[in-house]
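Rule-based calculations on the coordinates, nothing more; no lab input. Computed from a predicted model, the values in this text were never measured in an experiment. Backbone-built Cβ (ideal geometry, glycine too); neighbour counts: all protein chains shown.
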Amino acid sequence: METKYISKSGIEQWFKSIVDSGKRVYAPVNSRDQIEFKRVKNLSEVADEYVQTTQSIKASVYPKAEVLFSYEKEHGKVHLTDFNPDSIPETVLWKVHPCDAAGFKPLSAIFNWDSPDKLHNAHVQKTSVISFSCAMADESCFCTSVNGSPGNLAGSDIQLTMLPDGGAIAEIVTPKGEALVALSPTVFEADKGEDKTKYLVDLPARFSLEEVNAKLNKAFNSTVWKEQSERCIGCGACAFVCPTCACFDIQEDVHGSTGRRIRCWDACGFGLFTLHTSGHNPREHQSQRWRQRLLHKFSYMPARLNVVGCTGCGRCSRACPVDMNILEHITSIAEQ
Amino acid sequence: MEKLRERAAAILADGTVSLVIGYEEGTKRPRPLFCHDGESARKLIFDSRCFHNLAVYLTKKELVGNGRFAVTATISTLRSIMQLYVENQLSEDKLLILTVDLSGTLREFVTFDEISAYVEQFELKRSEREQAILTRIEGMTREERWNFWQEEMSHCFKCYACRSACPLCYCTKCVVEVNRPQWINPWPAPVANMEWHINRAMHMVGRCTACGACGDACPVGIPIDLITRKMMEDMAPEFGYIPGLPVKKGNALSTWKLDDREQFIR
């Protein structure tokens, strides 16, 4: 890894060179009173002064709906058109928070847990991540409790830490990052030896993952799930804004003799998610579905995939219509 | 507020009810609270910041069980409860309603008529936000309105928070949960999003009491509540209803009478 300095005008020049290279650039944009990742052409479109985008960048590597393959029946024969990884354009994600970048690892772990997921992997391969370390946080943020930090480099190809002069410390983490630097190499100057940590928000850890894990391992039959989930109204807001939630549904879109098989977002909080054809539902009640959500993130994923299914971005807590606050709930389990 | 807590604790202690659904302080603003004992009733609050429509929980059997239960109700919640009574989804012998009136006095209601007499004092007015957006929409041409809603709906990712927060969306199997046949494509896409929202709106006509819970719940900020609100406003004068005030004689679009002369059909 190499550390460089980039000035304010250097950032502008570099950004332009990335757009000019033909890659799609997505960045947080302020629109309809929300900050969302959108395709941008100019640096001036990028939002400033906010803590978090409403939605994560998950959709860039796990689209809300994606065609697995399409088919056409003709004279008793079926012509299949498989997903083509080359159809995915080169994409740069600009101004990603470290908690979003850290979400790539758990997402990829889920999609590749048994056999490689061609679609997800194609997106990841074509995506470069330029993260910005965090100078701001709010009461929903808790990355430091889940192996992250405001300056965490996991999942980033380059990380910028903004400096008071409008320039930035640029940490070039991966070969993909080096390739982005190569688009405008002269703007990357020698490191000025600035201490990055001076510019990061101070966010003390709120719980210990080990303690939570130990408690959760014995909590399957606990009454805590019912107590915590009584007010949960069973929507999918938490799952859909989450950078690591990967539940999906497979759907058939058939029109006469042609069709498409589609993978689309689903949520373990929905009753329909686990409903069997027989009518039996192993997770009949919301409390069971809430238990699944927390255990999957904080117990099953660490045990089976060696990665925590939560990056502490706090989006679920901000999006929840009834204040199901994951930090509060996990902390209360840790303290039990 | 102290009286409310005392009363809630008392009715839980003497077995009048087995559950009181109310509000407690949340992490940012008040949130729903389920009290099963006097201890938890001490957390109850009730003030102008309490905005959730708690009527959404009253039709969930897994939460309220088969016994008698109580709810602390805002005016919006009361309107929804009346509508649920009209639709035979609640029974007066199962529900005790607690509220605090403007003078700070604890009030209790059981019957539709008691609630009705109280709620009638409050006119359903557009809030500043509702007024601002609706005035804008009302000033649009048909094409502009269609484009406005198409743009708004394009942000929908089908988390169904609007449905989940709505007290009147109590169907045990919502149209989007019926998958044999699959009426509406479940993935978010322009047409499939419109299909969902038009379905939702049509199911709400003549029933929506304009509590705004769907709009409050939407995580992507779609002013979804204004569609059903505007429909309610538009149809109320046509059917002689008072906006937001359900009537015992039934919903405008789901009642059928032999003696209806249906003169509008030619």
Selected from B:187, B:149, B:256 as most flexible by GNM, with chain B as the system and alpha-carbon contacts under 10 Å
B:256
Taking Cα pairs under 8 Å and at least six residues apart, what relative contact order does chain A come out at, in percent?
23 percent
Arranged by the count of other C-beta atoms within 10 angstrom, fewest first, what order do A:82, A:100 take?
A:82, A:100
Would you mind giving the average projected area, over all directions, of the Cα convex hull of chain A in nm² with one decimal?
19.7 nm²
When all C-alpha to C-alpha distances in chain B are sorted into bins of 10 Å, what percent of pairs does each bin hold, rounded to whole numbers?
6, 27, 33, 23, 9, 1, 0
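From the cross-link list A:4/A:38; A:126/A:192; B:3/B:94; A:16/A:95; A:64/A:105, which pairs have alpha carbons spaced over 25 Å apart? Mind showing how you got there, number by number?
Values: A:4/A:38 28 Å; A:126/A:192 32 Å; B:3/B:94 22 Å; A:16/A:95 15 Å; A:64/A:105 19 Å.
Going by Cα-Cα distance, A:4/A:38; A:126/A:192 fall outside the 25 Å limit.
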With the Cα gyration tensor of the stretch B:1-75 in hand, give its eigenvalues times 5 under a square root as the equivalent ellipsoid semi-axes, listed largest first in whole angstrom.
18, 15, 10
So what is the 222 nm mean residue ellipticity for chain B from helices alone, if each DSSP H run of at least 4 adds -39500 (n - 2.57) and you divide by all residues, rounding to the nearest 500 deg cm²/dmol?
-11000 deg cm²/dmol
What are the radius of gyration and Dmax of the stretch A:206-336, computed over its Cα atoms and given in Å?
16.2, 58
What FRET efficiency comes out for the pair residue A:208/residue B:28, r = Cβ-Cβ distance, R0 = 22 Å, nearest 0.05?
0.30
Sorted from largest down, what three extents in whole angstroms do the Cα atoms of the stretch B:128-239 have along their principal axes?
40, 28, 25
For the stretch A:85-165, what is the Kirkwood hydrodynamic radius in Å, using each pair of distinct C-alpha atoms?
13.8 Å
Taking residue B:257 as the anchor, which lysines have their alpha carbon closer than 24 Å to its alpha carbon, excluding any fewer than eight residues away along the same chain?
B:248, B:249
Total formal charge among the other residues, if their Cβ is under 15 angstrom from that of residue A:72, Lys/Arg +1 and Asp/Glu -1
0
If each DSSP helix of 4+ residues adds -39,500 (n - 2.57) and the sum is divided by the residues in chain A, what number results at 222 nm, nearest 500 deg cm²/dmol?
-7000 deg cm²/dmol
Between residue A:336 and residue A:192, 0.36 nm times their residue separation minus their Cα-Cα distance comes to what?
47.1 nm
Sort B:202, A:301, A:324 so the one with the fewest other Cβ atoms within 10 Å of its own Cβ comes first.
B:202, A:301, A:324
Between 0 and 90 degrees, rounded to the nearest ten: what's the tilt of helix B:75-86 against the longest Cα principal axis of chain B?
80 degrees
Stokes-Einstein D for the protein assembly as shown at 20 °C, 1.002 mPa s, Kirkwood Rh over Cα pairs, in µm²/s?
81 µm²/s
Quick check: pseudo-label points 7 Å beyond the Cα along Cα→Cβ at residue B:120 and residue B:93, how many nm apart are they?
2.7 nm
